[in-house]
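Colleague: Right, I'll just put the structure down here and ask away after.
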Amino acid sequence: MNKIATVRARIEPELKKEVEFFLHELGLSATEAINIFYRQVKLNRGLPFSVVIPNAITKKVFEDTDADKNVIHCSNADEMSKQLRI
């Protein structure tokens with residue numbers, strides 16, 4: 001199928017730069033990433049990920065982990081498994 005339709009969007013320059021770095025690491029162009037996104041929207045008949053507003057508990061956990069509070073650090077999977085059994 002010929003690709004002749006155009007999508008134009010305005011985004012923050014820094015966000016574009018950061019995302020295109022990761023896309024390059026994945027071997028993808030911005031155009032290919034947009035095509036993947038559109039195909040996933042079509043397949044899922046909606047966004048291919050959950051879009052929700054976090055509740056108060058989730059927000060608190062995000063804040064704590066960002067501040068490295070109430071976080072258990074493990075050096076390997078065995079150590080993590082032991083911590084999860086507690």
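The values are calculated or read from the model by the stated rules, or taken from the named source; none is laboratory data. Everything numeric here is computed off the predicted structure, so don't read it as measured data. Glycine also receives a Cβ, built like all others from the backbone with ideal geometry; neighbour counts cover every protein chain displayed.
Colleague: Name the pairs whose Cβ atoms lie under 8 Å apart, with the first residue in the stretch 3-14 and farther than 15 Å from ALA33 by Cα, the second aromatic (Phe, Trp, Tyr) and modelled with pLDDT of 90 or more, and 6 or more positions between them or separate chains?
Modeller: none
Colleague: Just one of the numbered conditions (1) at positive phi; (2) within 17 Å of the chain's Cα centre (by Cα) is not true of ASP68; which one?
Modeller: Result: ASP68 fails condition (2) only.
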